[in-house]
Every structure is written in C-alpha cells, then in structure tokens.
Amino acid sequence: METQFKPVMAITMGDPVGIGPETVIGTMVDHDIHVCCRPFVIGSAAVLEKAAAVLGRSVQFRRISDPGEAEYTFGVIDVIETGDYDTDTLQWGMVQPLAGQMAIDFIMKSIELGMAGKVDAVSTAPINKQAIKLVGVKEPGHTEIYQNATHSPYALTMFSCHKLRVFFVSRHMSLIDAVHFATKDVVLDYIRNIDKELRGVGIDCPLIAVAGINPHNGDNGLFGREEIDEIGPAVEAAKAEGINAVGPIPADSIFNIGKSGKFDAILSEYHDQGHIACKTLDFEKSVTITWGLPFIRGSVDHGTAFDIAGKGIANCVSLIESTKVCAEYAIRKHSRAAK
C-alpha cells in the first residue's frame, strides 16, 4: 500500500444538537487520525466550541473556505462553515428545523467538494431523520442523499468490522419484502458491483461469499426455496462471468467463517442478518462504507443519541474508526489508480 499519500478527509459534523459535535472534537484531537489523513471539519465553529467546552477540552479552531487553505496541523481544527446560523437558538437533544438544515448543508458541502475532486473521502457524523424531513429532505438517510446528489447509478452499503466486509442486498425494508426483493437478478447485480468496487481498491479477484436467507439454506426446499430458485442461480451466473463467488452459505455460519478473513466480502441478504453479526462482534467498530460514489464515504453506525447530547459523555470510537477506514480505502483507491 502506498503510505506516502495522505488523503484529504472531510468530516461532517452531523446534527448540531446531537452527539456529532462532541465525537468530531474527539476524533480531531486523536493523533492517529492526523497520521492516516489530512482531516478538516464541515460544520459550525460556534457549535464545536460549545462541544469542546462540555468536554472540558481547550481546542483551537481555524475557519477556512476551501480545503486548500487548511493547515492540517495537529492541535488546530480547520472548519469550513456553510452559512451564518443563529446557533444560540439551538438546544441540545431536540429535533429542530435549524439543526436539520445545518446537517443537510454540511452534507451537500461535502458532496460539492467531493465532486470537485477537492476531498478524497468523507466521514459523516450522525444526522436526525426527523430533523432533515422538517426542512423538506425526501431521502431517508445519508446513503440515498449521497447517491442522488452525486447521480451515482448505485450506492452499496458495506459494514466494515475487523476482517469482515459485509454488504447488503436490502436495508430499510420489512423482512417479508426483503425476502421477495432478493431475486436472482438483484443478487447477481449486487455481486457484480461488489466485485467491481473491491477491484477498484486493489483487491484482485475478490472472494465474495453469499449468504442464504432461510434456516439451513432452506434444507433442500423444506424451509423455503429462495436458495434453490434465486440465490444459488445468481451465484452460478456470477461464476460463469468469471467472478469469484461462493454460496449460498447458511447465515448461521457464514459470518463466523468470515471473521477470520477467509472471504473478501460477504453479501448479506437483508438488514439485520449482517447488522447483528457485525454489531455482536464489535458494536463500536462496525462502521459503514458507501461504495459507488465518486469518492469514499464512511459513517458511524450509531444515531444522534439526543439523550446524552451536550453532556460530555459521548463515545467517539465509531467516528474515529469510520475516518480511519475511509482513509484506508482512499489510499487503496489512489494506489490502484496510480498503477
């Protein structure tokens, strides 16, 4: 891996009245973050100052208008602001239109910079879905916003947790709808895209393990035919195209096998199938990477935690991990492009 390259990393502050500002402070004062990337914050310096106060940290902020102006000096937090907001009206831990507007503004600024090639990766603090809906956002969350605003043909969600890379056929969908959604064509399309994205970060001929959806893979049709009619044929079609895919593998064993690093990726059939496995292994270090965008995007896998916001007790481990993983893949992507 090319260790000379340090990606420019935008860290969005998330909802300003959630735990985002506190976790951003904790991340920006972590020395390892400055070793692996060149980080700056897209957010509000005034809110970050309040967060630093509740954390009891003395932090220096430097307002900039472009990543090119950043000093990337440990001990100084470079901040790009997106507007002149009346932050005095904000109250910790409450759904507020202003907070929703600020959160979406931070996201859109990161997309603007990413599309312009001014950042290599974006690590996002949590947003509140109710707050962004108050200001007219139609998308349910980060992933859809980034996909639509970048006009990307797809956006794959991947959980990174130690040696596991877990992708998802479906995410925010009822279980019965998720089962019906996992058709041969859909599963095959996901396998193709996973293969493409991992090759783009230097993983040649990635081994992609595909999970079954029923107990014991349906036990030859006794407990469902999805493995026989849909998932298995998708895997065979992928193999015929030269993709290194295996499965379906029963869901009660695939993650245990995969945690040793045996597979380059696991394709989970639905949201909780993969989420439970990763979060049980390590909740705080299960972070999300979004593939298919023009730049690397990662996120914490926790919410705004309004109940503890502003109390100085928020844990920043997940945002630190998200930022490190984003940096890793940005370095991999740069190295592959340079070859």
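Values as computed for the structure displayed
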read-out: Qualifying residues in the stretch 285-302 (those that are open to solvent by 40 Å² or more (accessible area, probe 1.4 Å) and modelled with pLDDT under 90) - the one farthest from His151 (Cα to Cα); value: Lys285
read-out: Number of positions in the stretch 171-193 that are at pLDDT below 90 and out of contact with any strand residue (DSSP E or B) (no Cβ under 9 Å at 6 or more places or on another chain); value: 2
read-out: Condition met for Ile132 (under 21 Å from Pro39 (Cβ atoms) and open to solvent by less than 50 Å² (accessible area, probe 1.4 Å)); value: no
read-out: Filtered residues of the stretch 243-257 (kept if surrounded by 24 or more Cβ atoms within 10 Å (Cβ to Cβ), not in a strand (DSSP E or B) and not β-branched (Val, Ile, Thr)); value: Phe255
read-out: Qualifying positions in the stretch 223-239 - surrounded by fewer than 17 Cβ atoms within 10 Å (Cβ to Cβ) and at pLDDT 95 or above; value: Pro233, Glu236, Lys239
read-out: Selection within the stretch 304-339 - of a type in the set (Gly, Ala, Ser), in contact (Cβ under 8 Å) with a residue 12 or more places away in the chain and open to solvent by 40 Å² or more (accessible area, probe 1.4 Å); value: Ala338
read-out: Looking only at the stretch 15-63, and only at residues there that are under 20 Å from Asn128 (Cα atoms) and of a type in the set (Asp, Glu), the one that is nearest to the chain's Cα centre (by Cα); value: Asp15
read-out: Count of residues meeting criterion [over 30 Å from Lys259 (Cα atoms) and among the aliphatic types (A, V, I, L, M)] in the stretch 136-170; value: 3
read-out: Any helices (runs of 4 or more DSSP H) falling wholly within the stretch 14-86 and containing at least 3 residues that are open to solvent by 20 Å² or more (accessible area, probe 1.4 Å); value: 31-36, 45-55
read-out: So Glu144, is it closer than 25 Å to His302 by Cβ and surrounded by fewer than 18 Cβ atoms within 10 Å (Cβ to Cβ); value: yes
read-out: Residue within the stretch 270-292 that is out of contact with any Cys (no Cβ under 8 Å at 6 or more places or on another chain), in a loop (DSSP other than H, G, I, E, B) and among the polar types (S, T, N, Q) present; value: no
read-out: Number of the exception - Ser152 against (1) open to solvent by less than 30 Å² (accessible area, probe 1.4 Å); (2) closer than 15 Å to Ile266 by Cα; value: (2)
read-out: Residues satisfying the stated conditions in the stretch 111-143, i.e. within 26 Å of Ala327 (Cβ to Cβ) and either within 14 Å of the chain's Cα centre (by Cα) or of a type in the set (Val, Ile, Thr) (or both); value: Ile111, Val119, Ala121, Val122, Ser123, Thr124, Ala125, Pro126, Ile127, Gly141, His142, Thr143
read-out: All positions within the stretch 204-222 that are open to solvent by 70 Å² or more (accessible area, probe 1.4 Å) and either in contact (Cβ under 8 Å) with a residue 40 or more places away in the chain or in contact with a strand residue (DSSP E or B) (Cβ under 9 Å, 6 or more places away or on another chain) (or both); value: Pro215
read-out: The stretch 155-198: number of residues that are open to solvent by less than 70 Å² (accessible area, probe 1.4 Å), in a loop (DSSP other than H, G, I, E, B) and of a type in the set (A, V, I, L, M, F, W, C); value: 3
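The values are calculated or read from the model by the stated rules, or taken from the named source; none is laboratory data. Bear in mind the structure is a predicted one, so any value in this text is a computation, not a measurement. Quick reminder, even Gly has a Cβ in these numbers, built from the backbone with ideal geometry, and neighbours come from all protein chains shown. What goes into the accessible areas is simple: the full protein's heavy atoms, side chains included, and nothing from ligands, DNA or RNA. Shrake-Rupley method; radii C 1.70, N 1.55, O 1.52, S 1.80 Å.
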